[in-house]
Amino acid sequence: ATEAAADIAVLESLYQARQPQVLLYRPGSGKPHDFHVKVFTAAQPLQLSSILPLLENLGLHVYSEETYAINPSGTDVDAWTHDFAVTLSRVANVHGAAQSEAPLNIDAVQARFQDALLAAMSGALEND
């Protein structure tokens with residue numbers, strides 16, 4: 001229920017700002033170094049070949065992605081949610097096991113991560 005409420009708030013921001021929105025969250029179960037990056041877009045979904053290099057260059061290892069189409073009532077534009085399951089590249093080794101490093105404090109990096117990803121998506125920040 002908490003995740004759904006957060007998604008609704010982000011969708012409202014998406015329609016008000018008319019630009020993609022980003023939400024970081026850690027599911028209740030899972031490894032301490034794993035978390036999710038949700039990217040919300042309007043009108044059309046992201047192209048994975050465009051977004052994956054951006055996430056990797058921001059220091060993330062993406063190990064799965066799910067895309068959902070959302071058709072909010074009262075709007076004439078569909079929304080898309082891309083839910084990326086990720087871990088920090090520096091804690092992922094070739095066997096997928098995490099080293100002993102403190103988990104990322106999602107609340108502390110949410111705003112900066114969103115700004116960096118949105119800047120890279122728009123081309124305002126170089127992606128390399």
*Compute the signed sum of charges (Lys and Arg +1, Asp and Glu -1) over the other residues within less than 15 Å, Cβ to Cβ, of Thr41.*
-4
*Got a sec to turn the phi values of the stretch 54-62 into Karplus ³J(HN,Hα) couplings, 6.51 cos²θ - 1.76 cosθ + 1.60 with θ = phi - 60°, whole Hz, x for Gly and Pro?*
5, 5, 5, 6, 8, x, 10, 10, 8
*Which shape class applies to the stretch 8-90: rounded if a/c is under 1.5, otherwise prolate when a/b exceeds b/c and oblate if not, where a ≥ b ≥ c are the square roots of the Cα gyration tensor eigenvalues?*
prolate
*For Lys31, Lys38, give the ranking by accessible area with the largest first, probe 1.4 Å.*
Lys31, Lys38
_Place a point 7 Å from the Cα of Ala119 along the Cα-to-Cβ direction; which residues of the stretch 53-69 have their backbone N under 19 Å from it?_
53-60
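The values are calculated or read from the model by the stated rules, or taken from the named source; none is laboratory data. This structure is a prediction, so every number in the text was calculated from the model and none was measured. Ideal geometry is used to build each Cβ from the backbone, glycine not excepted, and the neighbour counts take in all protein chains shown. Ligands, DNA and RNA are excluded from the accessible area calculation, which covers all protein heavy atoms including side chains. Shrake-Rupley method; radii C 1.70, N 1.55, O 1.52, S 1.80 Å.
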